[in-house]
Structures are given as C-alpha cells and as structure tokens.
Amino acid sequence: MPAKNTAGRYGWLSMTLHWSMALAVIGMFALGLWMRSLSYYDPWYKDGPAIHKSIGILLFLLLIIRVVWRNLNIRPDDDPALKVWERITAHLTHIALYGLMFALMIAGYFISTADGRAIEVFNWFSVPATIYDLPEQEDIAGEIHEILAWILIVLASVHALAAVKHHFINRDTTLLKMLGRDAISASNHIINKKEAKQ
Amino acid sequence: MKRLLAIGFTALLSFSGALHATEYKIDTAGAHAFINFKIKHLGYSWLYGRFNEFEGSFNYDPAKPEASSVNVTIKTASVDSNHAERDKHLRGKDFLAVDKFPTATFKSTSFKALGDGKAELKGTLTLHGVSKPVTIAVSEIGGGKDPWGGYRQGFHGTTEIALKDFGIDFDLGPASQIVELTLDVEGIAQSMM
C-alpha cells in the first residue's frame, strides 16, 4: 500500500495517523477522567498525570505532522452516493476535530506550565513553558481543557457513528477508504454483489 | 447634630484613652503581613504555602490588652504553594472549593495577655463553610513610629487546625491531618480624622 493517498483510499501514513490518534484521543479522555478520581496514595497518582501529559505532547506533534501531510496529499474522493449536505458536514466536522484537538492540547499545556515549569515527556525530553504566570492561568486553562475534551469526545463520537452508519446502513465506501480498501474497486465489488443478488 | 456628637464622643474617647488605643489596618498593601501554612508531606517533610490576598484590621491598646480584637478576611483562591498544578487542586472541590467558599474569615472573641509580650487570642475561623473556634498563640514583635510619619504595631501568631474539622477530608495520609498556620501581621494605626 502506498504512503500517499489516492483517489480511492487513504495511504498507510494517513491511516496510521488517523487510527493511532483515534485510539489516543479516546484513551486520553478516559485517562484524564480517571486520574482525577485517584486518591493521594494510589500508585497511579503521580504516573497517571505524567503519562497524560507525555502522550498529550506527542499527540500535538502527531497532529502537526497530520495536518501537514493532509495538505501535501490529495483527499480520496467522497463516495458518489453522498448528498451535498453530507459532504459539507463531514468536512466541517473534520476541520472542527482538528481545531478542537489543537485548542485542547494547548489548553492542557497552559495548565501544566502555568508556573513556568516545563513538561517532561517520558523522561525523553521536556517542553519549556512559554506564556506563564497569567492571572488564574491554571484554573482558566483547566476549565477550557475540560470543556473542550467533552466537546471533542462528543464530536468524535458523531464522526465515528456517521462512519459506521455509512458502512452498515448505506453500505457505501466511506469507512472502507480509511480501512485500506480502494473505494473504486470496492464500489465495483458492491455493485457486482448488488447485481448478483438481482 | 447626632453625627457631630458621635464624632465628638469618639474623639473624646480616643484622646482620653491611651495614646494608641486605636484601630490598625493590616498592611497588606505594603505586604507586611503574611498568612503562611505548613503541612507534612507523607510525614517525610514540610510543605509550605501561603494566602496572598487578605485584608483585615485589629484594635490594640497596650493599657487594655483584653479589649483587643482582630478581623481578617482571606481570599481562598489566592492560595499559593509555588506549584500551579497543586494550587489548582487546592482550589478545587477536594480542598478549599473556592467557587463555593471564596473567603475564609477570622473574627476574634477574646484576647488574654500572658505577660512577657505573649498572649492568647481566641476566635472563630470560618473555612470551607465551617466555623470553628481556634486559639492562636500570639507574641508581640514590636510597635512604634515608622520613618514616614505613621505608627505601626506587629504581632506573630501560630495555631493548628485539623483539615477534617473544617470538612476537608481528601486523604493526604495519617501524617498530614494537621495544618500549622503562621500569621504575621503589621498594622498601621488609622488616624481618627
């Protein structure tokens, strides 16, 4: 499979970025909720937030790579069966998901660096604070981080449900393109199957 | 007329009393007052923090110390332990719940001079929405004219509170149940005019 996208499907790089970030976003949401419920003597009390911050920074780097790669590439064609409003809302959702992820991660960064401390990423490297000591910085950034996390997880669920709906109900190629199947041959296959039934 | 009489009466009182039987405003503007706390971390070391924003006043007359009184209001969100993530946690629902309880107050109920510049100050501390009596061990540090035409008087006080007495029950471990408060105040005498 080529790294680059084609008219019929996403390449392996786009797919890897998409699915690893999907997993990370869900995992980070769960980790974020869970780590805040831990008692002080819980073995994860220190490591939970440390892992959350480390993955967050790595996710930010992946997001930059992803947006750059998206702009260097063609986008696979939408399934021809999609209505105009479906295409528009799908694309607006994608843009919103990117924007939300950026804002969410920046807000998280502003919590942990609010007093000028750096963020340690798995003891590999650290990201220094840039803007800090603003009034109530950690509290305001914290509220924004939490609100955006909920919006992101809801919108990502809508995005995922739409993909599942197109796959199982509309039986089109929307999801297949992100699963490595070439939509052009896949749609021929779907047409062939439909014809075979008739 | 009533007002004039009142002013005259107050003036008379202030002149007939001891020279500095007067109200002092705690010098938070010049940051010559500190509300510091310390609590043990795991039982292995002391963690220090402070409240940066508060205001208050006290009355003090060396001739009649038992008439002394203190009032302090603390902005709980100003908690500062030199670590933003910890301060965020301290302001949250596990500890100070500053959205619900934006201020803590101390109002004195009695002041007993013990001699040698020491005193016992009793009062009500309202923290986290809970009001409890506390006793503060006070020592007078000093008082007198300042170089800029004012008159100042300073005290040092210490007390201990148990977090769970004030409804703060996040478990920090058996060695971290008690918070020691260290209070240092310098008051500037308020002129009667």
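Can you give me the number of residues within region A:84-123 that are away from chain B (no Cβ under 14 Å) and farther than 19 Å from A:Ala24 by Cα? Spell out the reasoning first.
Narrowing region A:84-123 to residues away from chain B (no Cβ under 14 Å): A:84-106, A:121-123.
When the remaining residues are screened for being farther than 19 Å from A:Ala24 by Cα, the result is A:84-92, A:123.
Residues in region A:84-123 being away from chain B (no Cβ under 14 Å) and farther than 19 Å from A:Ala24 by Cα: 10 in total.
Taking region B:25-62 as the search range and keeping residues that are of a type in the set (Ser, Thr, Tyr) and surrounded by 15 or more Cβ atoms within 10 Å (Cβ to Cβ), which one is farthest from B:Leu121 (Cα to Cα)? Show your work before the answer.
The first filter runs over region B:25-62 and keeps only residues of a type in the set (Ser, Thr, Tyr), leaving B:28, B:44-45, B:48, B:57, B:60.
Add one more test, that the residue is surrounded by 15 or more Cβ atoms within 10 Å (Cβ to Cβ), and what stays is B:28, B:57, B:60.
Numbers: B:Thr28: 21, B:Ser57: 14, B:Tyr60: 12 Å.
The qualifying residue farthest from B:Leu121 (Cα to Cα) is B:Thr28.
For region B:144-177, give me each residue that is of a type in the set (Lys, Arg) and either within 19 Å of B:Lys93 (Cβ to Cβ) or surrounded by 14 or more Cβ atoms within 10 Å (Cβ to Cβ) (or both).
Result: B:Arg152, B:Lys164.
Among the numbered conditions (1) in contact (Cβ under 8 Å) with a residue 40 or more places away in the chain; (2) more than 14 Å from every other protein chain (Cβ to nearest Cβ), tell me where B:Gly173 comes up short.
(2) is the only condition that B:Gly173 fails.
Buried (at least 16 other Cβ atoms within 10 Å of the Cβ) and of a type in the set (Gly, Ala, Ser) - does that describe any residue in region A:164-181?
Within region A:164-181, not a single residue is buried (at least 16 other Cβ atoms within 10 Å of the Cβ) and of a type in the set (Gly, Ala, Ser).
Between a first residue in region A:64-92 that is in a helix (DSSP H, G or I) and a second residue that is of a type outside the set (Phe, Trp, Tyr), which pairs have beta carbons less than 6 Å apart while being 6 or more apart in sequence or on different chains?
As it stands, the answer is A:Arg66/A:Leu17; A:Arg87/A:Asp78, since those pairs meet every condition given.
Please go through (1) more than 12 Å from chain A (Cβ to nearest Cβ); (2) in contact with a helix residue (DSSP H, G or I) (Cβ under 8 Å, 6 or more places away or on another chain); (3) assigned to a loop (DSSP other than H, G, I, E, B) for B:Ala113 and return the number of the only condition it doesn't satisfy.
Result: B:Ala113 passes all but (3).
So, B:Ala31, is that one modelled with pLDDT of 95 or more, out of contact with any strand residue (DSSP E or B) (no Cβ under 6 Å at 6 or more places or on another chain) and away from every other protein chain (no Cβ under 14 Å) or not?
Numbers: modelled with pLDDT of 95 or more: yes; out of contact with any strand residue (DSSP E or B) (no Cβ under 6 Å at 6 or more places or on another chain): yes; away from every other protein chain (no Cβ under 14 Å): yes.
Answer is yes for this residue.
Scan region A:115-130 for residues that are in contact with a Phe, Trp or Tyr (Cβ under 9 Å, 6 or more places away or on another chain) and either loosely packed, with under 11 Cβ neighbours inside 10 Å or assigned to a strand (DSSP E or B) (or both) and jot them down.
Initial filter on region A:115-130 (in contact with a Phe, Trp or Tyr (Cβ under 9 Å, 6 or more places away or on another chain)): A:115-117, A:119, A:127, A:129-130.
Those that are in contact with a Phe, Trp or Tyr (Cβ under 9 Å, 6 or more places away or on another chain) and either loosely packed, with under 11 Cβ neighbours inside 10 Å or assigned to a strand (DSSP E or B) (or both): A:Ile119, A:Val127, A:Thr130.
Looking at B:Ala104, is it at pLDDT 95 or above, part of a strand (DSSP E or B), away from chain A (no Cβ under 14 Å) and under 30 Å from A:Pro49 (Cβ atoms)? Break it down into steps so the answer makes sense when it comes.
Numbers: at pLDDT 95 or above: yes; part of a strand (DSSP E or B): yes; away from chain A (no Cβ under 14 Å): yes; under 30 Å from A:Pro49 (Cβ atoms): yes.
Yes, satisfied.
The values are calculated or read from the model by the stated rules, or taken from the named source; none is laboratory data. Worth saying up front: this structure is predicted, and the values here are computed from it rather than measured. Backbone-built Cβ (ideal geometry, glycine too); neighbour counts: all protein chains shown.
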